[in-house]
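To keep things clear, I will list the structure first and then write my remarks on it.
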Amino acid sequence: MKESIIIVANDLFLTLGFKSVTMDDIANKMGISKKTIYKHFNTKEALVNGCVTYIHEKISKSICEITTMGYNAIKENFVIKNMFKGIFGKSKTSPMYQLQKYYPKTFKKVMSNEFQIFEECVGTNIDKGIKEGLYRKDINRNLSLKFYFILIFGLHDALIFDHTKYKVNELEIKVLEYHTRAMATDRGIKELEKELTKINQL
């Protein structure tokens with residue numbers, strides 16, 4: 001029951017927003033009493049934390065699976081980006097911005113966890129791209145991944161980007177292109193252009 005509550009709540013949170021969804025909404029969606037939810041989560045914040053942990057684990061598992069598929073470094077990044085789109089595609093507003101605004105303690109925990117995953121994932125991808133000749137050997141690995149982290153998570157700040165005007169997914173593609181061009185060799189640029197062409201044809 002606990003996992004079922006998390007799955008339904010997570011879907012509602014991502015679709016309608018963490019602030020908008022109430023415990024009553026979740027109970028009604030599941031056809032159960034609100035008391036049943038409170039048996040597993042004594043506050044809405046506890047449920048939000050449970051959902052964030054669920055998403056975190058789902059993302060980690062998906063990234064691990066993608067990195068074993070044998071893609072080159074640049075294609076791998078686009079496949080991972082598409083995975084994120086699948087998870088967050090229904091979100092009308094940025095989940096990260098909502099967490100930061102309404103659940104700052106959870107947001108702080110998320111950022112710490114996300115940077116650990118990000119550092120390992122992007123760092124490994126940079127090493128892989130250098131070996132494949134797609135990224136330049138003279139790049140500063142640590143600075144490159146930190147710049148990318150700041151750019152990606154900066155997109156979710158509604159004070160900087162108007163999310164009614166710019167779709168987060170489209171901005172993330174632009175940042176990925178920016179990140180890749182900053183590191184790529186001539187071969188890497190050609191591989192990047194292939195991936196961008198595929199996206200433009202959709």
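Quick notes
- Cβ pairs under 6 Å, 6+ apart, first in the stretch 83-108 and within 14 Å of L14 (Cβ to Cβ) and at pLDDT below 75, second of a type in the set (G, A, S) and buried (at least 16 other Cβ atoms within 10 Å of the Cβ): T93/G17
- Wholly enclosed helices (runs of 4 or more DSSP H) of the stretch 48-158 bearing at least 2 residues out of contact with any strand residue (DSSP E or B) (no Cβ under 8 Å at 6 or more places or on another chain), farther than 26 Å from D25 by Cα and not small (G, A, S): 73-88, 104-131, 141-154
- Boolean, Y178 is surrounded by fewer than 17 Cβ atoms within 10 Å (Cβ to Cβ), hydroxyl-bearing (S, T, Y) and more than 19 Å from L14 (Cα to Cα): yes
- Inter-residue pairs, beta-carbon under 6 Å, first in contact (Cβ under 8 Å) with a residue 24 or more places away in the chain and in the stretch 22-35, second hydrophobic (A, V, I, L, M, F, W, C) and surrounded by 13 or more Cβ atoms within 10 Å (Cβ to Cβ), 6+ apart: M23/I37; M30/V8
- Checked against the criterion of being charged (D, E, K, R), part of a helix (DSSP H, G or I) and buried (at least 17 other Cβ atoms within 10 Å of the Cβ), the candidates E170, E195 yield just one match: E195.
- D24 vs. criteria at pLDDT 95 or above and of a type in the set (D, E, K, R): yes
- T197 meets the conditions (1) in contact with a strand residue (DSSP E or B) (Cβ under 9 Å, 6 or more places away or on another chain); (2) closer than 26 Å to I87 by Cβ in every case but one. The failed one is (1).
- Pairs, first under 15 Å from L151 (Cα atoms) in the stretch 163-176, second β-branched (V, I, T), C-beta under 6 Å, six or more apart: V175/I152
- Of all residues in the stretch 1-14 being exposed (fewer than 13 other Cβ atoms within 10 Å of the Cβ) and more than 26 Å from S112 (Cβ to Cβ), the one that is nearest to the chain's Cα centre (by Cα): S4
- Against the list (1) among the acidic types (D, E); (2) touching a Leu at 6+ places or on another chain (Cβ under 7 Å); (3) under 16 Å from Y102 (Cα atoms), the condition D25 fails is (3).
- Top-ranked residue in the stretch 32-54 [being surrounded by fewer than 18 Cβ atoms within 10 Å (Cβ to Cβ) and among the β-branched types (V, I, T); ranked as modelled with the lowest pLDDT]: T53
- Output for the stretch 115-133, where each listed residue is surrounded by 18 or more Cβ atoms within 10 Å (Cβ to Cβ) and within 18 Å of V175 (Cβ to Cβ): F118, C121, V122, N125, I126, G129
The values are calculated or read from the model by the stated rules, or taken from the named source; none is laboratory data. Please read all numbers here as calculations on a predicted model, not as lab measurements. Methodologically, a virtual Cβ is constructed for each residue, glycine included, from the backbone with ideal geometry; neighbour enumeration extends over all protein chains shown.
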